[in-house]
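In what follows, a single structure is set out as structure tokens and then discussed.
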Amino acid sequence: MTKKKQKKGKSFLNGIFAKLVFIFFILLLSSAVLAMAGYSKIKNDIPKINEIADYKPKQGTKVYSYDGELIAEFCDNNKRNIVPYDKIPENVKHAFVAAEDAHFFEHFGINPMGIARAFIKNIVSGRKKQGASTITQQLAKGFVGREKTYTRKIKEALLSLQLEKKLSKEEILYLYLNEIYLGSGAYGVETAARTYFSKHIWELSLSEIATIAGLPPAPSRYSPLLNPKSATERRNYVLRRMYEEKYITKEDMEKALSETITTNPEKELFLDKAPYFSEKVRRYLIKKYGMNKLYEEGLTVYTTTDMRATEYAHKAIFKGLREHEKNQGYSGPLYHINLKKDLDKYLKKHEKAFGKITADSMIRGHYYQGVVTKTEADKAYVRVGEVERPIYIEDLSWARPYGNGWVNIKSTDQIFKPGDIVLVHPTDKKGTTDENDHRNFDKPLPKNFYFALDQMPTTQAAIIVKDPYSGYIKAIMGGSDFEESEFDRTQQACRQPGSAIKPVFYSIALENKKFTAASTLLDAPIASSDFTPMNSHENFEGEVTLWRALVNSMNTPSVRLLQEVGVNTAIAQAKKLGIKSAIKAELGSVLGSSCLTVDELTDAYSHFANEGKAPHTEYIRKIYDIHGNLLEDNTVFYDSFATGAEKISRMAKYAKRKEKQGMSKQTAYIMTKIMQDVIRYGTGRRASSIERAIAGKTGTTNDYLDAWFIGFSPEIVAGVWVGKDDYGKTLGIGGDGSRAALPIWKDFMENYLANFPESNFTAPPGIVSRKVDTHTGLLSNEGVIMYFKAGTEPTKTKADQQIKDPSKIVDEGIF
């Protein structure tokens, strides 16, 4: 080869090499540029450290009762309760560090040795067996996302380094312990403590702390609720790590290792406390503040509900419906099984559904499902889980065939067949005679306890309780069970009130100076082709006073009263008393022919207790945002929890507020005194055993479809309705206001008023009293005390008058 050719070949190779170097340089430069651009983009995507330091996790709204009890939390599926660093016990901090990141206080955010160790173990095992994320990296993961990509890993590492540079170890650990996901929707150690053990984090035992600290790697797998065996193994690992790191002594470890993990899941606040009231609050907050603010921005809401009143209301409804159902008789077993073939199968299903039930685990007053195993003349045997006890015939007198009146029960086989699945509750001889036995959950059962038969009510009831002065709603029970039905029967059900509406129309008549308590009305048949009202006792008394007509809930005098007042005039006035539903322009409206809600009729009655003024209904006292800024303040100036400055401010506001005077103070007082007599002498006599100043009125509709009692004391007003959701079905035996609704009202008021000193209704100026004959309306020493606006009282004494025979009086001209 010639030198020229050699030179040419060498030059060619040099050219190629130069091009390759150039391309390599371009690629290297491009890679560097791309890397820098990628790094810049990744860095820009990482949250700023000052944002993290000021980080406030999404928090739901917390709702508190009047007495400061947490009654509901509205949040997305992630529950959070932030707890200050100094309130987190040292053992909690040590448990997480020992289990998750032993070198947390030494590394700079990333643990290279840990990464290498995990890498080797994963290579040897052929799968990912050990992670190497530090606590700082786990915290960073919550801010940069959890997708499994290299980009996310880079972001996580970079943010970890920045966190360590800008924040102290204590600040990082504070954020981590409040942010880490610990299963069952719980974020942070405080929420986990409540979720699994119904305790605050500072109340946990060492064993419980280790259980929670074992959750981060796999919250579901190590959940003490879902997998107690795996949870125990993981807890033991955490305890051993705490000992190895010298955070606890050997004795502490061994004691905690020997303990069984006993969970006590936190009850669903919303369902357990005041569900109907809380749902009302939730809807209000959504309407006013929106979904995001409610579920994510950490509102704090202080409401008007009184948990003591709510508890009494719930118990009163439970007892009232239970007793009403027993009055109807026994509706039969839940279902029936073939005892010989299916008993073992049934018992296995029972244990799976209700857990293992022993004599020691049974609680007085609780319902249990059991199977009838044997019947004898004087007793039947029922088995619940591992427990078999008798039901005695003397406790079954109520268990006649449903709706068939009274039947003499001579043998238990009239009621049961072996294989019947029934509801029972454990009790003893004293319990069967104690009408409140089903409430005695804390009262121990004797060894020789037995069962009493029960059944689930098919009837519904509702109660609303209100402070007539402040307008604070103290309790709402919209039904017997919110889980069974969210329908709020105090506000969403429009039902005929029967005679419970009469005080509204009677008060309108008394506002007219033409009528007084002594005014006489004719109680006699009314002849009409399309309307023939009758009294409940189906007889007539001739001339009676307005007082007597209302106290005894007489129908024909009430119809005549409304005719005198004028239907349209009365309807217009009723709206001023809080009646929002449409009242039919007919005389039958005075007997309750138009449907109303319990809420609005209770509002109308509030005027009587509040000197004729319309209360301003309130559910919410105060609302604060997450920063503590006051968003809403509806407190009255005499609110028990208001500060001195707040009371002065509110007093000034109230002084300027225009009160709606629905009726005069005098009319309100006179109506109150008449309704006190409803309880002393009339249809409300079942409440007369309450030795307090109380007033009210019953209501019963045709065919016993609805039963009502609305009543009040100087402290509180409460309205009760009882009926069937399936409108048209009768309440059956005892389905009137005095026997179905009044006992619930009485039970509530007895318990609630026991917390207050005795008080009386105060007469306003311009009231006089006289003894009056209840038929003629004339003064009589043998009459009852009636109250009048000064100048309207009767002045004539009773003369020897022969009352006309009411059976011969027919008023043809009323229509």
Count - residues of the stretch 241-251 that are assigned to a helix (DSSP H, G or I) and under 16 Å from residue 213 (Cα atoms): 4
Members of the stretch 367-402 found to be in a loop (DSSP other than H, G, I, E, B) and of a type outside the set (S, T, N, Q), listed by number: 367, 376, 377, 378, 385, 386, 396, 398, 399, 400, 402
Search result, residues across the stretch 703-733 that are touching a residue at least 40 places away in the same chain (Cβ under 8 Å) and assigned to a helix (DSSP H, G or I): none
Index of the failed condition, residue 229 passing every other in (1) open to solvent by 60 Å² or more (accessible area, probe 1.4 Å); (2) modelled with pLDDT of 90 or more; (3) not acidic (Asp, Glu); (4) not in a helix (DSSP H, G or I): (4)
Odd one out for residue 525, checked against (1) surrounded by 20 or more Cβ atoms within 10 Å (Cβ to Cβ); (2) in contact with a Phe, Trp or Tyr (Cβ under 8 Å, 6 or more places away or on another chain): (1)
Residue count for the stretch 609-647, restricted to those that are at negative phi, in contact with a Pro (Cβ under 9 Å, 6 or more places away or on another chain) and assigned to a loop (DSSP other than H, G, I, E, B): 2
Test: residue in the stretch 619-627 that is farther than 28 Å from residue 695 by Cβ and among the acidic types (Asp, Glu): yes
Tally of residues being modelled with pLDDT under 95 and in a helix (DSSP H, G or I) across the stretch 500-527: 1
Filter pass, residue 663 being touching a Pro at 6+ places or on another chain (Cβ under 7 Å) and open to solvent by less than 30 Å² (accessible area, probe 1.4 Å): no
Count of the stretch 410-424 residues which are surrounded by fewer than 19 Cβ atoms within 10 Å (Cβ to Cβ) and in contact (Cβ under 8 Å) with a residue 60 or more places away in the chain: 4
Given (1) open to solvent by less than 10 Å² (accessible area, probe 1.4 Å); (2) part of a helix (DSSP H, G or I); (3) farther than 27 Å from residue 521 by Cβ, index of the condition residue 561 fails: (3)
Members of the stretch 347-366 that are surrounded by 14 or more Cβ atoms within 10 Å (Cβ to Cβ), part of a loop (DSSP other than H, G, I, E, B) and not small (Gly, Ala, Ser): 357, 362, 363, 364
Residue among 588, 542, 578 that alone is at pLDDT below 95, within 26 Å of residue 694 (Cα to Cα) and surrounded by fewer than 24 Cβ atoms within 10 Å (Cβ to Cβ): 578
Any chance residue 280 is open to solvent by 60 Å² or more (accessible area, probe 1.4 Å), in contact with an Asp or Glu (Cβ under 9 Å, 6 or more places away or on another chain) and either within 25 Å of residue 66 (Cα to Cα) or outside any helix (DSSP H, G or I) (or both): yes
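Can you spot a residue in the stretch 43-56 that is at pLDDT below 90, under 24 Å from residue 302 (Cβ atoms), of a type outside the set (Val, Ile, Thr) and under 36 Å from the mean Cα position of the chain (by Cα)?
Step one: of the stretch 43-56, the residues at pLDDT below 90 are 43-56.
With under 24 Å from residue 302 (Cβ atoms) added as a condition, the list becomes 56.
From the residues that got through so far, the ones that are of a type outside the set (Val, Ile, Thr) too are 56.
Going one step further and asking which of them are under 36 Å from the mean Cα position of the chain (by Cα), we end up with 56.
Checking the stretch 43-56: at least one residue is at pLDDT below 90, under 24 Å from residue 302 (Cβ atoms), of a type outside the set (Val, Ile, Thr) and under 36 Å from the mean Cα position of the chain (by Cα).
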Checking residue 427 against (1) modelled with pLDDT under 90; (2) open to solvent by less than 10 Å² (accessible area, probe 1.4 Å); (3) farther than 26 Å from residue 753 by Cβ; (4) in contact with a Gly (Cβ under 6 Å, 6 or more places away or on another chain), the condition it does not meet: (4)
Criterion: of a type in the set (Asp, Glu) and open to solvent by 40 Å² or more (accessible area, probe 1.4 Å) - qualifying residue of 736, 726: 726
Residue within the stretch 708-721 that is more than 28 Å from the chain's Cα centre (by Cα), more than 27 Å from residue 544 (Cβ to Cβ) and open to solvent by 10 Å² or more (accessible area, probe 1.4 Å) present: no
Tally of residues being surrounded by fewer than 16 Cβ atoms within 10 Å (Cβ to Cβ) and either at pLDDT 95 or above or under 18 Å from residue 721 (Cβ atoms) (or both) across the stretch 289-307: 0
Selection from the stretch 60-91 of residues that are of a type outside the set (Ser, Thr, Tyr), outside any loop (DSSP other than H, G, I, E, B) and either more than 33 Å from the chain's Cα centre (by Cα) or closer than 26 Å to residue 476 by Cβ (or both): 62, 63, 70, 71, 72, 73, 74, 79, 86, 90, 91
Qualifying positions in the stretch 631-660 - touching a strand residue (DSSP E or B) at 6+ places or on another chain (Cβ under 6 Å) and either polar (S, T, N, Q) or open to solvent by less than 40 Å² (accessible area, probe 1.4 Å) (or both): 632, 633, 634, 635
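Within the stretch 558-585, which residues are out of contact with any Leu (no Cβ under 9 Å at 6 or more places or on another chain) and of a type outside the set (Lys, Arg)?
If the condition is that a residue be out of contact with any Leu (no Cβ under 9 Å at 6 or more places or on another chain) and of a type outside the set (Lys, Arg), then 565, 566, 568, 569, 571, 572, 573, 574, 577, 582, 585 are the ones that fit.
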Candidate set from the stretch 739-780 (those that are open to solvent by less than 10 Å² (accessible area, probe 1.4 Å) and of a type in the set (Phe, Trp, Tyr)); member that is nearest to residue 502 (Cα to Cα): 745
Filter result for residue 697 (touching a helix residue (DSSP H, G or I) at 6+ places or on another chain (Cβ under 7 Å), in a helix (DSSP H, G or I), modelled with pLDDT of 95 or more and of a type in the set (Lys, Arg)): no
Helices (runs of 4 or more DSSP H) within the stretch 102-213 that include 3 or more residues more than 36 Å from the chain's Cα centre (by Cα) and at pLDDT below 65: 112-125, 150-166
Test: residue 746 is of a type in the set (Lys, Arg), over 26 Å from residue 514 (Cβ atoms) and not in a loop (DSSP other than H, G, I, E, B): yes
Pairs with Cβ under 7 Å, 6+ apart, first in the stretch 756-767 and within 25 Å of residue 690 (Cα to Cα), second of a type in the set (A, V, I, L, M, F, W, C): 759/693; 760/693; 761/693
Residue check for residue 255: part of a helix (DSSP H, G or I), open to solvent by 20 Å² or more (accessible area, probe 1.4 Å) and more than 26 Å from residue 81 (Cβ to Cβ): yes
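The values are calculated or read from the model by the stated rules, or taken from the named source; none is laboratory data. If you're wondering where the values come from, they're calculated on a predicted model, not measured in any experiment. Glycine also receives a Cβ, built like all others from the backbone with ideal geometry; neighbour counts cover every protein chain displayed. Please note that ligands, DNA and RNA were not included when accessible areas were found on the heavy atoms of the full protein model with its side chains. Shrake-Rupley method; radii C 1.70, N 1.55, O 1.52, S 1.80 Å.
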